[in-house]
Amino acid sequence: MSLSPAPLGNVAAAPAIGPGLALAVASGLALLGYVWVGLLRARASEGQSADAALRPPLRSVPPMALAWTAQFIALYIDISGFGLATPGARFGFAPALSMTIWLVLTVYLVESRFLPLHSVRRVLAWLAAAAVMLAWCFPGESRPMAASPWAPLHWVLGLASYGLFGVAVLHAALTNRAEARLRHRQAGAGGMPLLQLERLTFQFVAAGVGVLSLAIVLGWWFTPQWHWDHKNLLAVLGWLVLTGLLVGRRVYGWRGRRATRWLYAGAALLLLSYAGSRFVLEVVLQRGGGPA
């Protein structure tokens, strides 16, 4: 597998140079910033106390901000089809994953100002670096303009639901970690606001279910001939699982590992719905066409 960007199809040589160079520069800056943040914690924590390690090093803020901004620019250049000779969007499984990580990072950057979530900074930085590299290697296929004016809103809502469920998964993982620390070592477990993390997890799940419901309804409404392909089937199954989680929480008071298993299962189904199906088409079957 080549690490060079995929060919852009019917793109003239002259206009492709500018956007291609801009995408490479933005992706490179994002990679450098995220790798710097990923390596910074190990060096900053040497000789520090446990309490000091919980505070984010001030020198990690500029590279994280730079990487976050550069990743957004790379996503805009890639998804919008900026500079392509044929008008339309360019999208695929890798940009979808990169956008999901970027949305999760956006929420993390806001929440980390109020909650002690700094322990996951390195993990998110490495995940973002991998997503940026993957999106640069597989930028997606050029698509014609959507036939329905509602199609862009459907795509935006779908991506937003991906981000909301990604944030919910992050909070669920932090909640499980806090519960494990409370069970095995009471001392030092107070740094994680367990009840607040659990409440935020279900708030993001509820928001994700609402946004996903709108995306599914819009997709069904503007599609002339709705058919149950892998993408639609997995999306509806994921919606059913995550809605069942909210019902179980409301009626039976689900929490802990049972709730986490339902969340992980629903999020995995949604991940397979678009990103998984597009990966099979673009990489395994080498067929970039087909419905979004």
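The values are calculated or read from the model by the stated rules, or taken from the named source; none is laboratory data. Bear in mind that the values here come from a model prediction, so they are computed numbers and not experimental data. Neighbour counts are summed over all protein chains in view; Cβ atoms, including those assigned to glycine, are modelled from backbone coordinates with ideal geometry. Remember, those area values only see protein heavy atoms, side chains included, never the ligands or the DNA or RNA. Shrake-Rupley method; radii C 1.70, N 1.55, O 1.52, S 1.80 Å.
Filtering LEU242, LEU218, LEU212 for residues that are open to solvent by less than 40 Å² (accessible area, probe 1.4 Å) and farther than 18 Å from GLY266 by Cα leaves a single hit, LEU218. If the condition is being touching a residue at least 24 places away in the same chain (Cβ under 8 Å), assigned to a helix (DSSP H, G or I) and open to solvent by 40 Å² or more (accessible area, probe 1.4 Å), then region 245-256 contributes LEU246, ARG249. In this structure, does LEU127 turn out to be open to solvent by 30 Å² or more (accessible area, probe 1.4 Å), assigned to a helix (DSSP H, G or I) and out of contact with any Asp or Glu (no Cβ under 9 Å at 6 or more places or on another chain)? So LEU127 passes the test. Tell me, yes or no, whether region 281-289 has at least one residue that is open to solvent by less than 80 Å² (accessible area, probe 1.4 Å), at pLDDT 90 or above and either of a type in the set (S, T, N, Q) or within 20 Å of GLY92 (Cβ to Cβ) (or both). No, region 281-289 contains no residue that is open to solvent by less than 80 Å² (accessible area, probe 1.4 Å), at pLDDT 90 or above and either of a type in the set (S, T, N, Q) or within 20 Å of GLY92 (Cβ to Cβ) (or both). Taking the criterion of being assigned to a helix (DSSP H, G or I) and either in contact with a helix residue (DSSP H, G or I) (Cβ under 7 Å, 6 or more places away or on another chain) or modelled with pLDDT under 85 (or both), the residues of region 110-119 that qualify are HIS118, SER119. The single condition among (1) assigned to a helix (DSSP H, G or I); (2) at pLDDT below 90; (3) in contact with a His (Cβ under 9 Å, 6 or more places away or on another chain) that SER148 does not satisfy is (1).
Of the candidates ALA50, ALA89, ALA74, the single residue that is under 25 Å from the mean Cα position of the chain (by Cα) and either at pLDDT 90 or above or surrounded by fewer than 19 Cβ atoms within 10 Å (Cβ to Cβ) (or both) is ALA74.
Residue by residue, here is whether (1) small (Gly, Ala, Ser); (2) surrounded by 14 or more Cβ atoms within 10 Å (Cβ to Cβ); (3) free of Cβ contacts under 8 Å to residues at least 24 places away in the same chain; (4) not in a helix (DSSP H, G or I) holds:
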residue: ARG199; (1), (2), (3), (4): no, no, yes, no
residue: HIS227; (1), (2), (3), (4): no, no, yes, yes
residue: LEU234; (1), (2), (3), (4): no, yes, no, no
residue: TYR274; (1), (2), (3), (4): no, yes, no, no
residue: PHE279; (1), (2), (3), (4): no, yes, no, no
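Residues in region 259-266: is at least one closer than 21 Å to HIS154 by Cα and modelled with pLDDT of 90 or more? Yes; the residues of region 259-266 include at least one that is closer than 21 Å to HIS154 by Cα and modelled with pLDDT of 90 or more. Would you call THR223 of a type in the set (S, T, N, Q) and modelled with pLDDT of 95 or more? No; evaluated as a whole, the condition is false for this residue.
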